[in-house]
Every structure is written in structure tokens, then in C-alpha cells.
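Report on one structure; see the data block that follows.
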Amino acid sequence: MNPRPALSGCPPNRVRPKGRDKLNEYNTLLSDADSALNQLEALESTISDLSDRMLKGVASRYGRDSDEYEKAGGTRKSDIKRSPRKKAAEAEGTGRNDHAVGRGSC
């Protein structure tokens, strides 16, 4: 009795050379793509840092509520909408565990 029959004429634990070449080519392309992604992310980080520094410079010269700050890509301080805060009495009954046993009014 043969416990491991050979599939399609190939000995067990061997990969056909043509398949191995394709696998190596795929792995090389994947490695190159990963390298390119890392370089792109590093460039994006550098550009983001420069943009932040430029915006801070504009804000220090003209103020955060100026037209120049908005033209440079920032959001004017007066354009930022703030949500009103809830009062402490209203916020008490909004916990996640209010439905737990022993906490109800029954």
C-alpha cells in the first residue's frame, strides 16, 4: 500500500521549476510594491509635516480667524461649530449599564 501517491507524476515535496519561477517572480513584485508603499508613506509624512509648519506660520502671522489662514488650507476659528454640552443631570441616566438587574425603577 502506497500512503502518499504521487500527484500528476511529480514526486512528493517538490515544486515544478516553472511554478517556482512564477512564485519567485510574484514574491519579488510583492516586495517591490511594499518598498514603494513605504517610500510613498514617508513622503506623505514629510509633506504633512511641512504643511502643518506652513499653516502654523500663517496662523502666527495673520491669526487663526483670518482669510489668509483659510486660503492656506486651514479652517477659520469662527467657522468651527461646537456642539453644546449636556448638563450633568441629563447625562446621568445615559449610561450603558442602566438596564442591568437591580438598577431599574421596578
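What follows draws every value from the coordinates through simple rules; no lab data is involved. The structure displayed is predicted, hence computed values, not measured ones. Neighbour counts run over all protein chains shown; Cβ positions are idealised from the backbone, glycine included.
Compared with the direct C-alpha span, the chain from Lys71 to Arg20 gains 12.8 nm at full extension, assuming 0.36 nm per residue. If R0 is 41 Å, the Cβ-Cβ spacing of Ser35 and Arg85 corresponds to a FRET efficiency of close to 0.25. Potential lengthening of the chain between Leu43 and Ser60 amounts to 3.5 nm, from the contour at 0.36 nm per residue minus the alpha-carbon distance. Of all lysines in the structure, those lying under 20 Å Cα to Cα from Lys56, and not within fewer than 8 positions of it along the same chain, are Lys71, Lys77.
The magnitude of the dipole of region 19-89, with charges of +1 and -1 set on the Cβ of Lys/Arg and Asp/Glu and taken from the Cα centre, is near 940 debye.
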